[in-house]
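Structure first, commentary second.
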Amino acid sequence: MQDMFVAGTDTSYVVLEFAMAELMRKPHLMAKLQAEVRDKTPKGQPMVMEDDLGGMTYLKAVLKETLRLHPPLPLLLPHFSVDKCVINGYTVPAETRVIINVWAIGRDPGSWEDAEEFIPERFEDAASPDYKGRDFGILPFGAGRRICPGINFGMASVEIMMANLAYCFDWELPGRMQHKDLDMTEVFGMTIHRKEKLLLVPTTRDVSHE
Ligand code: HEM
């Protein structure tokens, strides 16, 4: 359980780092998120609190879109078929190790329009697909009996951290770096990571006079 908890913490940071990188590549999306977070947080409050998150639909859409493109566990954990079953005409014999590539599922052009593009707006509608294991086009936490039990805790932590990064700071790329120059290469393992560390320059916002 200790190991799993560490893994859970790590996956939460992976989501945050990819979300920040995607937003830095598209500054108008970062501006939209900051406008929402700053508008929905009571004036003069030094930080976003958990109670403020309720109305932040764009924040949730940004994180969902990040999980679609960058699921921290791209192949979930290995599963094992107890009985023989047939899926889409393919027979999976009993006692087979099954690896599910949710990274590829999230980028399937048959399921997603402009599948490779970071477009949080696709999740703004409350009826859009969710990641709780019912919509098989987006499965960053798995599905069924072995779905991640840390899903609510994990997402609550990511939401409050992301909201505060957007609320408390304005963000720039270092030096003369351009938004399009951000290297989004991923390194695959049991968890996925960015090849290059994300380096950003924060400027603190003074919220006391607002
Ligand atoms: C955003 C953060 C997280 C992501 C994306 C994530 C994702 C996953 C995935 C994909 C699995 C495997 C599901 C499968 O193979 O079907 C899993 C399993 C698991 N996760 Fe998470 N997780 C996160 C946070 C957490 C946290 C915070 C905890 C604990 C506090 C946690 C505890 C576990 C445990 C114990 C399992 C094993 C469940 C089992 O095998 O029955 N996870 N997680």
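Among the residues of region 174-187, count how many are touching a helix residue (DSSP H, G or I) at 6+ places or on another chain (Cβ under 6 Å) and part of a loop (DSSP other than H, G, I, E, B). Give the derivation first.
We begin by selecting, within region 174-187, every residue touching a helix residue (DSSP H, G or I) at 6+ places or on another chain (Cβ under 6 Å); these are 179, 182.
Still in the running and part of a loop (DSSP other than H, G, I, E, B): 182.
Within region 174-187, residues that are touching a helix residue (DSSP H, G or I) at 6+ places or on another chain (Cβ under 6 Å) and part of a loop (DSSP other than H, G, I, E, B) number 1.
Matching residues to (1) closer than 27 Å to Pro27 by Cα; (2) at pLDDT 95 or above; (3) surrounded by 13 or more Cβ atoms within 10 Å (Cβ to Cβ):
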{"position": "Met56", "(1), (2), (3)": "yes, yes, yes"}
{"position": "Arg68", "(1), (2), (3)": "yes, yes, yes"}
{"position": "Gly89", "(1), (2), (3)": "no, yes, no"}
{"position": "Arg107", "(1), (2), (3)": "yes, yes, yes"}
{"position": "Ile119", "(1), (2), (3)": "yes, yes, yes"}
{"position": "Ser128", "(1), (2), (3)": "yes, no, yes"}
{"position": "Ala156", "(1), (2), (3)": "yes, yes, yes"}
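Filtering region 105-142 to residues that are among the hydrophobic types (A, V, I, L, M, F, W, C) and part of a loop (DSSP other than H, G, I, E, B) leaves Trp112, Ala115, Phe118, Ile119, Ala126, Ala127, Phe136, Ile138, Leu139, Phe141. Yes or no: Met190 within 16 Å of the ligand (Cβ to nearest atom), within 18 Å of Val15 (Cβ to Cβ) and at pLDDT 95 or above? No; evaluated as a whole, the condition is false for this residue. Residues that are under 25 Å from Val48 (Cβ atoms) and in contact with a Pro (Cβ under 9 Å, 6 or more places away or on another chain) within region 180-210 comprise Leu199, Leu200, Val201, Val207, Ser208, listed in sequence order.
For first residues located in region 144-156 and closer than 10 Å to Gly133 by Cα and β-branched (Val, Ile, Thr), partners that are at pLDDT 95 or above and near the ligand (Cβ under 6 Å from one of its atoms) and lie 6+ apart or on another chain with Cβ distances below 6 Å form the pairs Ile147/Phe141.
For region 138-149, a residue qualifies if it is modelled with pLDDT under 95 and within 6 Å of the ligand (Cβ to nearest atom), and exactly one does: Arg146. Phe169 fails exactly one of the following numbered conditions: (1) more than 8 Å from the ligand (Cβ to nearest atom); (2) over 25 Å from Pro42 (Cβ atoms); (3) more than 17 Å from the chain's Cα centre (by Cα). What is the number of that condition? Looking at each condition in turn, Phe169 falls short on (2). Scanning region 84-115 for residues that are in contact with a helix residue (DSSP H, G or I) (Cβ under 9 Å, 6 or more places away or on another chain) and hydroxyl-bearing (Ser, Thr, Tyr) turns up just one, Ser111. Within region 71-89, if we keep just the residues that are in a strand (DSSP E or B) and more than 9 Å from the ligand (Cβ to nearest atom), the residue that is nearest to Glu186 (Cα to Cα) turns out to be Phe80.
In region 8-26, the qualifying residues are those that are modelled with pLDDT of 95 or more, out of contact with any Ser or Thr (no Cβ under 7 Å at 6 or more places or on another chain) and in a helix (DSSP H, G or I), and the one that is nearest to the ligand (Cβ to nearest atom) is Leu16. Of the listed requirements (1) hydrophobic (A, V, I, L, M, F, W, C); (2) within 30 Å of Gln178 (Cβ to Cβ); (3) within 13 Å of the ligand (Cβ to nearest atom), Met56 misses just one: (3).
The values are calculated or read from the model by the stated rules, or taken from the named source; none is laboratory data. Given the structure is predicted, the values throughout are model-derived calculations rather than measurements. As a convention, Cβ positions derive from the backbone with ideal geometry for all residues, glycine included, and neighbour counts pool all protein chains shown.
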